[in-house]
1. Suppose only helical runs count, i.e. DSSP H with n ≥ 4. What mean residue ellipticity at 222 nm does that imply for the chain under -39500 (n - 2.57) per run, divided by all residues and rounded to the nearest 500 deg cm²/dmol?
2. Sequence-distant or interchain residues sharing an amide H contact under 5 Å with residue 179, placed H: which?
3. Reported to two decimal places, what Rg/Rh ratio describes region 91-245 when computed on Cα atoms with Rh from the Kirkwood expression?
4. Please report the equivalent ellipsoid semi-axes of region 1-158, computed as sqrt(5 x eigenvalue) of the Cα gyration tensor, largest first, in whole Å.
5. Residue 194 accessible area, nearest 10 Å², 1.4 Å probe?
6. Using Cα-Cα distances under 8 Å and only pairs 6 or more residues apart, what relative contact order does region 10-225 have, in percent?
7. For residue 132, enumerate residues with amide H under 5 Å from its amide H, sequence gap 5+ or separate chain, H modeled in the peptide plane.
8. Step through the residues of region 135-143 one at a time and calculate ³J(HN,Hα) from phi using the Karplus curve (6.51 cos²θ - 1.76 cosθ + 1.60, θ = phi - 60°), rounding each to whole Hz and writing x for Gly and Pro.
Amino acid sequence: MVSDSLPPSAVPTHVAIVMDGNGRWAKQRFLPRLAGHRQGLETLRAVVRWSMARGVRVLTVFAFSSENWKRPADEVSGLMGLMAKALVREVPDLLKAGVQLHFPGDRSGLPAAVSQGLLQAERDTAGNERLVLNICFNYGGRWDIVQAAARLAECGATITEQALSAELALSHVPDPDLLIRTGGEVRISNFLLWQLAYSELYFSDRLWPAFDEAEYDRALAVFAGRERRFGQTTEQLQAPSAAPH
Ligand code: IPE
Ligand code: IPE
Ligand code: MG
């Protein structure tokens, strides 16, 4: 297990995941796409557990994008139903486990029962501190930047990086240290466009329902081996006192 072999500083504080590959996983098994999404939920439950065991403090997952409305109507309504059911079934255990839930995304387009459920789950778990779990739902990176800019414009505020960051949907957490995308595609698909500026990227061929603990540990080990320079040189990192102000 990576958590045994790595110093705590090598564990990412914030892991973000594009949970991709549910549909292909189902297709390989001659199952409906929704069966893949259901199995994907099982993987998420396990990843929450593995994250807590390794000392990850924030986990942010992409569950439904602004663009996923373009999918067939039965898949979209199936995903909405799955979210509604998952809220009822999963929140009590997450509450007990110390997980603080957030659902970054545009609530206005969601069925009322779902948006009510999201709000309630956020309220119920607000006092938890073991792990912050952000489930991005009806989320798009462009939507996020536009809604933040619109809020600043509305109150006539000066637009600075700091002011804009404070209005984004993930303003309650630091930027992701590590982004994992499963499913073999090497793209961002309108996920956290602003927040991923300096995240380390790890692309896995594993389809999300088949993502397992060993593959998660591989991603964490690759992260631990990366040098994060944030624009500086290796030499500067080795002599931090010489870093410019
Ligand atoms: C990701 O899996 C889940 C959602 C986008 C809701 P996909 O459904 O995109 O799976 P593939 O990419 O078609 O295999
Ligand atoms: C990204 O996956 C969105 C989620 C995982 C929720 P998609 O399957 O929608 O991305 P594209 O269409 O392959 O870029
Ligand atoms: Mg996909």
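The values are calculated or read from the model by the stated rules, or taken from the named source; none is laboratory data. This one's a predicted model, so the numbers in the text were calculated from it and none came from an experiment. Virtual Cβ from ideal backbone geometry, glycine too; neighbours counted across all protein chains shown. Ligands, DNA and RNA are stripped out before the accessible areas are found, and what is left, the full protein with its side chains, is counted by its heavy atoms. Shrake-Rupley method; radii C 1.70, N 1.55, O 1.52, S 1.80 Å.
1. Theoretical 222 nm ellipticity from helices: -14000 deg cm²/dmol.
2. Residues meeting the amide H criterion: 16, 200, 201, 202.
3. That ratio is 1.01, to two decimals.
4. Calculated on Cα positions only, the semi-axes equal 25, 24, 16 Å.
5. Accessible surface of residue 194 is approximately 80 Å².
6. 30 percent.
7. Amide H neighbours of residue 132, under 5 Å, 5+ apart: 58, 59, 100.
8. Each residue's phi maps through the Karplus curve to give 9, 6, 9, 6, 10, x, x, 6, 4 Hz.
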